[in-house]
1. For the pair LEU152/ALA388, report the inter-label distance in nm, with labels modelled 7 Å from Cα in the Cβ direction.
2. Would the stretch 309-363 count as rounded, prolate or oblate if I go by the C-alpha gyration tensor, calling it rounded below 1.5 in a/c and otherwise prolate when a/b exceeds b/c, oblate otherwise?
3. For the stretch 309-385 and the stretch 32-108, write down the distance between their C-alpha centroids in whole Å.
4. Can you put SER140, SER6 in order, fewest other beta carbons within 10 Å first?
5. Shape of the stretch 142-182 from its Cα gyration tensor (a ≥ b ≥ c, root eigenvalues): rounded if a/c is under 1.5, otherwise prolate when a/b > b/c, or oblate?
6. Quickly work out the LEU209-to-ARG68 label distance, labels modelled 7 Å from Cα along the C-beta direction, and quote it in nm with one decimal.
7. Scan around ARG125 for amide H atoms under 5 Å from its own, H built in the peptide plane at 1.01 Å from N, and keep only partners 5 or more places away or cross-chain.
8. Counting other Cβ atoms within 10 Å of each Cβ, which chymotrypsin sites (Phe, Trp or Tyr not before Pro) in the stretch 289-376 have at most 12 and sit in a DSSP loop?
Amino acid sequence: MVTARSLRALDWMNFFVANVQTGFGPFIASYLASHKWTQGEIGMALSVGTISAMVSQVPAGAAVDAMRNKKGAAAWAIFAIILSAVLLASSPTVLPVIAAEVFHGFASCMLVPAMAAISFALVGRQNLGDRLGRNARWASIGSAVAAGLMGLFGEYFSSRAVFWLTAALAMPALVALSMVQHTGTVNPLPQAAPEPDAAEKRESLRELLRDKRMLVFAACIVLFHLSNAAMLNLAAGEVTAGMGDNVQLVIAACIIVPQAIVAMMSPWVGRSAQRWGRRPILLFGFSALPLRALLFAGVSSPYLLVPVQMLDGISAAVFGVMLPLIAADVAGGKGRYNLCIGLFGLAAGIGATLSTAAAGFIADRFSNTVSFFGLAAAGALAVLLVWAAMPETRDSETLEQAEGVPEAR
């Protein structure tokens, strides 16, 4: 039986996992820039992590589908993230940084589908939109709290202290994970769907790859991350190079502000996607990308980065909820939910790898402004693809069930 305790534990798990993941965002770019790494070198180092995640996404998703113990998969991923943080804190030289990025990339591609599978098994498909919105809310609160703590540690101790704090924050995530009940049991919520692994005979990878909905959304994901992945890292490196005091606090604020918006918006995104469909919400979230890149290109004061980052909250809220929700639409009833998430993660890895490498290369050889214009163009293409080619994935049966089932709490 699924209890309220398990659902609350899932809330806290999202909170603390987000705490841990926050340390691997723009703080890395600032940390490396403070040790005289160039934008191109930082971009290539970050690309190593996205490449390792990209290579691991599909097998990790398939493995989580095959594993009965989703909690075990999540626990091993968290341990690997702890190791990554310790390596970064140990030395800002090439070998530890590359090793940390590899471990983190592998761990992330296992953790995302494992947590999605736990959520699916606890609440079922009909309540999934609300649950994913709640997951995103707690994750965004966790990211905001962690960013504030890390900004303070980086400002008043050292940039290295951020990664020791990251490793320490992983321990409560493991405690919260241990409090989630076994997720293979039957869900007691009204009309809840069975666990995705057991619903129907599993669809083959070839059949999944023939699904137009999956292919078009994967292309949208590539363009989304091509535009988004390097944006804040590029801005963080520029702030570090041109600002003497309060660098870590400004970077922390750039994380906290959008996370507050994600916390407010995510439940609304989940409910609205169930009510109105996926495409309108995707268009709304993706449209913030090119606008944000253009504003970054024109910003002259480091303190103006913070209000521009509000747009990141809009796109992050939409993307964070919609990816696992569309995966459930496409493959949730065919035993391939986590494999589909893995394929979407592969698309994200391709886009993010190209983004960090290309943005750093263009910034070194031309300027940051030119690089931001390129990111804006990629974001505009993402919006165009959603508008012109993305089919609606919410079916009428899901709509009827969503209207008749109370929200998961």
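1. 5.0 nm
2. oblate
3. 18 Å
4. The order, fewest Cβ neighbours first, is SER6, SER140.
5. Because a/c hits 1.5 or more and a/b exceeds b/c, the stretch 142-182 counts as prolate.
6. 3.1 nm
7. Distant-sequence amide H within range of ARG125: ALA193.
8. Listed in order of number, the matching sites are PHE366.
Any read-out appearing in this document is the output of simple, stated calculations on the displayed coordinates, not a laboratory observation. Bear in mind that the values here come from a model prediction, so they are computed numbers and not experimental data. Cβ sites come from the backbone with ideal geometry, for glycine too, and all protein chains shown count toward neighbours.
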